[in-house]
Amino acid sequence: MVHKPARQALAHPIPYQALLENAPVNIMLADLDLVIIYMNPASVRTLKKIEHALPVPVDEIVGTSIDAFHRNPEHQRRLLADPANLPHRARI
């Protein structure tokens, strides 16, 4: 798996990206393959504080499957496979 730096520009701009970049809350986006494609600066700052507890260094999260962050990835995949559950919000 090829990892992208956390702050790498997106191949396709996200609508309202400037709002995401300046949001005071943590925002991460994943594509339909459940690969993390974006983390806003607030997420990077927060995750840097707990990087020692993460399965992946913060600078390698973009480009990583969300599976790396779940004890039971199949549960998350079933949840996200149902379009009725999208968009999905989670509090961690």
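Here are a few things to note about the model shown:
- Summed over the range 40-84, the residues that are of a type outside the set (S, T, N, Q) and touching a Pro at 6+ places or on another chain (Cβ under 9 Å) give a count of 10.
- Selection from the range 41-54 of residues that are part of a helix (DSSP H, G or I) and not small (G, A, S): P41, V44, R45, T46, L47, K48, K49, E51, H52
- Looking only at the range 34-51, and only at residues there that are hydrophobic (A, V, I, L, M, F, W, C) and on the phi < 0 side of the Ramachandran plot, the one that is most open to solvent (accessible area, probe 1.4 Å): I50
- Within the range 20-40, the only residue that satisfies the criterion of being in a loop (DSSP other than H, G, I, E, B) and small (G, A, S) is A23.
- Residue within the range 18-25 that is at pLDDT 90 or above, aliphatic (A, V, I, L, M) and in contact with a Leu (Cβ under 6 Å, 6 or more places away or on another chain) present: no
- Residues of the range 55-92 satisfying the condition of being part of a helix (DSSP H, G or I) and open to solvent by 80 Å² or more (accessible area, probe 1.4 Å): D59, E74, H75, R78, P83, A84
The values are calculated or read from the model by the stated rules, or taken from the named source; none is laboratory data. Fair warning: this is a prediction, and the values are worked out from it, not measured in the lab. Quick reminder, even Gly has a Cβ in these numbers, built from the backbone with ideal geometry, and neighbours come from all protein chains shown. These area figures cover heavy atoms from the full protein model, side chains too; ligands, DNA and RNA do not enter into them. Shrake-Rupley method; radii C 1.70, N 1.55, O 1.52, S 1.80 Å.
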